[in-house]
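Below is one structure, written out as structure tokens; the observations come after it.
The values are calculated or read from the model by the stated rules, or taken from the named source; none is laboratory data. Keep in mind the model is a prediction, meaning the values are calculated, not measured. For neighbour counting, all protein chains shown are included, and Cβ atoms are generated from backbone atoms with ideal geometry for every residue, glycine included.
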Amino acid sequence: MSNEKTLVLIKPDGVRRGLVGEVISRIESKGYLIEQSRMFTADRALLEDHYAEHKDKPFYEPLVEFMMSGPIVAIVASGNRVIEGFRSLAGATDPTLAAPGTIRGDLARDQGTKVVQNIVHGSDSSESAVREIAIFFPK
Ligand code: IDP
Ligand code: MG
């Protein structure tokens, strides 16, 4: 599918640290297209919907609180295999272990907080991408 789409979020730590341009630049430099973007502070209802799969995890409440703590940038990026391609650009969930050269590996570290602050979110499958894009960019 040549026009695959994924949902990227620049999380509040990324916005606070002035990394919006850096993250967008990495997406564009890789050759993906920024199709839509929107900066806003998400509310609890939206985040509970987005993170429903993590409802029973110990980091769920800290995750929702962290994601409400400041503005985020929601982005729809597109291109052939962009879902796995952006996950590769982002790197592993744990920024301590994320490979150098990745967004998380280069720009984040463990701050000792209950939820790991790792700059970005990227959809993990085509089903997730469709679901998440509909949450952040309702028609
Ligand atoms: P992903 O963002 O790499 O897809 P997920 O497992 O979907 O990782 O987790 C969602 C978010 O929850 C992560 O990006 C991270 O901020 C946080 N998180 C995930 N696992 C842990 C954990 O074990 N401890 C603390 N926070 C976590
Ligand atoms: Mg995930």
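Suppose the filter is part of a loop (DSSP other than H, G, I, E, B) and not hydroxyl-bearing (Ser, Thr, Tyr); does residue 85 pass it?
Working: part of a loop (DSSP other than H, G, I, E, B): no; not hydroxyl-bearing (Ser, Thr, Tyr): yes.
The answer is no for residue 85.
Take residue 128 and tell me if it is within 14 Å of ligand 2 (Cβ to nearest atom) and either under 24 Å from residue 2 (Cα atoms) or at pLDDT below 95 (or both). Can you show your working first?
Working: within 14 Å of ligand 2 (Cβ to nearest atom): yes; either under 24 Å from residue 2 (Cα atoms) or at pLDDT below 95 (or both): yes.
Yes: the conditions hold for residue 128.
Restricting the search to region 118-128, which residues are more than 10 Å from ligand 1 (Cβ to nearest atom) and under 19 Å from residue 54 (Cβ atoms)? Explain how you work it out, then say what you get.
Taking region 118-128 first, the residues more than 10 Å from ligand 1 (Cβ to nearest atom) are 125-127.
Those that are more than 10 Å from ligand 1 (Cβ to nearest atom) and under 19 Å from residue 54 (Cβ atoms): 125, 127.
Specify the residue that is surrounded by the most Cβ atoms within 10 Å (Cβ to Cβ); the eligible residues are those in region 1-48 that are without any contact (Cβ under 8 Å) to a residue 40 or more places away in the chain and assigned to a helix (DSSP H, G or I).
47
Quick one: is residue 92 within 14 Å of ligand 1 (Cβ to nearest atom), aliphatic (A, V, I, L, M) and surrounded by 14 or more Cβ atoms within 10 Å (Cβ to Cβ)?
On the way: within 14 Å of ligand 1 (Cβ to nearest atom): yes; aliphatic (A, V, I, L, M): yes; surrounded by 14 or more Cβ atoms within 10 Å (Cβ to Cβ): yes.
Yes.
Check off (1) over 13 Å from residue 14 (Cβ atoms); (2) hydroxyl-bearing (Ser, Thr, Tyr); (3) in a loop (DSSP other than H, G, I, E, B) for residue 69 and give me the number that stays unchecked.
Among (1) over 13 Å from residue 14 (Cβ atoms); (2) hydroxyl-bearing (Ser, Thr, Tyr); (3) in a loop (DSSP other than H, G, I, E, B), residue 69 violates only (1).
Does region 104-117 include one or more residues that are within 15 Å of ligand 1 (Cβ to nearest atom), free of Cβ contacts under 8 Å to residues at least 40 places away in the same chain, surrounded by 15 or more Cβ atoms within 10 Å (Cβ to Cβ) and not in a loop (DSSP other than H, G, I, E, B)?
Yes, that holds for at least one residue.
Restricting to region 110-127, and then to whatever is closer than 19 Å to residue 88 by Cα and polar (S, T, N, Q), can you tell me which residue is farthest from the chain's Cα centre (by Cα)? Before the answer, list the steps.
The initial filter retains those residues of region 110-127 that are closer than 19 Å to residue 88 by Cα, namely 116-127.
Within this subset, residues satisfying the condition of being polar (S, T, N, Q) are 117-118, 123, 125-126.
Values: 117: 11, 118: 9, 123: 7, 125: 13, 126: 15 Å.
Among residues in region 110-127 that are closer than 19 Å to residue 88 by Cα and polar (S, T, N, Q), the one farthest from the chain's Cα centre (by Cα) is 126.
For the subset of region 61-89 comprising residues that are within 16 Å of residue 33 (Cα to Cα) and more than 16 Å from ligand 2 (Cβ to nearest atom), which member is surrounded by the fewest Cβ atoms within 10 Å (Cβ to Cβ)?
Filtering region 61-89 for residues that are within 16 Å of residue 33 (Cα to Cα) and more than 16 Å from ligand 2 (Cβ to nearest atom), the one surrounded by the fewest Cβ atoms within 10 Å (Cβ to Cβ) comes out as 80.
Being hydrophobic (A, V, I, L, M, F, W, C) and over 13 Å from the mean Cα position of the chain (by Cα): is that true of residue 92 here? Talk me through it step by step, then tell me what you get.
Details: hydrophobic (A, V, I, L, M, F, W, C): yes; over 13 Å from the mean Cα position of the chain (by Cα): no.
No.
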